[in-house]
Amino acid sequence: MSLLPWQAEAWNRIRSQVTDKKVPHGLLLSGPADSGKSEFVEHLAGYLLCSNPAEQACGECSRCQLLEAGTHPDFLTVTLEESKQIRIEQIRDMINWAQQTAQQGGRKFCLISPADRLNLQSANALLKCLEEPPADTIICLVTSEPARLLPTIRSRCQQIVTHLPPRDVAIAWLQSRQMDGDLALLLDIAGGSPLRVLRTMDEEFLALRSEVAMALAALSKGQVSPIGLAASLASRDPMQVLDLAYSFILDSMKLEQAGQAPADQAGELATFVQAVPDDRRQSLLGRVCEAKSSLSGTSNANPQMLLEWVFAAA
């Protein structure tokens, strides 16, 4: 995986530590969603596990080939399985793996993602491991929400933050990837993330974005009920619907406060601002956030009922 151009500064810092043989046992990689955390950690793992690294992994040695094939015995990923949390059993298995001798004779690298889904028991077990780290083992925690981690875990990890790139850098990178369309508008829609543009800004996404905007405008004018609106969106990914609704509400506030609105939704936003008072939009935004938390939490929330509850605030 090639390093993203806006990650060069963070990469040079960690590579200098590797060169000076001062690699920390615990790393905490954080940053906004779609800021390139996965790309950075993949690049880092390859570099640390490579037999002949220079400025990056060689990509040719047996260790690199094993990592590329997903069969490197000294690389471990701990992530969500059937549960919506990372369980203590997973951390115990990781600790047992970390205490074994590296099969390839080099370092071992463990990726824990999303680290904010560690429950209290698994977090405490991980903390003990970070306090007494196994030799030549790097544990890298990845999250978009570092504040949800135990402060004691954060304090035992070196923190690396992946920032979103400047606008001109993002547009130039998208152009290099042969992206078509109004890149400035797409970047605005994606919250400044060129990776999100590349990954999600296809015709299907833009069609759903338009559908959610028109539906909220119609809801604000009483042309559709919250139940009817939720039913019409029931077949869609509920988290994506909530993300789009969240963006639409925020854009309505920007329109009212600064007169700025994405060109593709200007009409719907103007209708929404005129029909829905600011306090109701604030309430609606709060409900969207609560619904997103419910969907990503441990409870088995009913998506359609959640959407009905959210839209009732409008």
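The values are calculated or read from the model by the stated rules, or taken from the named source; none is laboratory data. Just so we're clear, the structure is a prediction, and the values are computed from it rather than from any experiment. Cβ: placed from backbone, ideal geometry, glycine included. Neighbour counts: every protein chain shown.
Looking at E145, E132, which is the one that is in contact with a helix residue (DSSP H, G or I) (Cβ under 6 Å, 6 or more places away or on another chain) and surrounded by fewer than 14 Cβ atoms within 10 Å (Cβ to Cβ)?
Sole residue among the options that is in contact with a helix residue (DSSP H, G or I) (Cβ under 6 Å, 6 or more places away or on another chain) and surrounded by fewer than 14 Cβ atoms within 10 Å (Cβ to Cβ): E145.
Please list, ordered by first then second residue, the pairs with beta carbon atoms under 8 Å, 6 or more apart or interchain, first in the range 294-314 and on the phi < 0 side of the Ramachandran plot, second of a type in the set (D, E, K, R) and in a loop (DSSP other than H, G, I, E, B).
S296/K84; G297/K84; T298/K84
Using beta carbons and a limit of 6 Å, which pairs, at least six apart or on different chains, have the first residue in the range 53-70 and in contact (Cβ under 8 Å) with a residue 12 or more places away in the chain and assigned by TED's automatic domain parsing to the domain that holds R15 and the second one in a helix (DSSP H, G or I) and of a type in the set (G, A, S)?
Once the first residue is in contact (Cβ under 8 Å) with a residue 12 or more places away in the chain and assigned by TED's automatic domain parsing to the domain that holds R15 and sits in the range 53-70, its partners that are in a helix (DSSP H, G or I) and of a type in the set (G, A, S) give A57/G46; L67/G46.
For residues in the range 40-52 being under 21 Å from H163 (Cβ atoms) and touching a residue at least 40 places away in the same chain (Cβ under 8 Å), which is surrounded by the fewest Cβ atoms within 10 Å (Cβ to Cβ)?
E42
Would you check which residues across the range 65-86 are surrounded by 16 or more Cβ atoms within 10 Å (Cβ to Cβ) and either at pLDDT 95 or above or β-branched (V, I, T) (or both) and list them?
Selection gives L66, L67, H72, D74, F75, L76, V78, I86.
Residue by residue, here is whether (1) more than 23 Å from G286 (Cβ to Cβ); (2) β-branched (V, I, T); (3) in contact with a Phe, Trp or Tyr (Cβ under 9 Å, 6 or more places away or on another chain); (4) assigned by TED's automatic domain parsing to the domain that holds V276 holds:
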position	(1), (2), (3), (4)
R156	yes, no, no, no
P166	yes, no, yes, no
G181	yes, no, no, no
L250	no, no, no, yes
E256	no, no, no, yes
A263	yes, no, no, yes
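Output the residues belonging to the range 219-232 that are crowded, with 18+ Cβ neighbours inside 10 Å and either not assigned by TED's automatic domain parsing to the domain that holds R281 or not in a loop (DSSP other than H, G, I, E, B) (or both).
Correct list: L219, S220, L229, A230.
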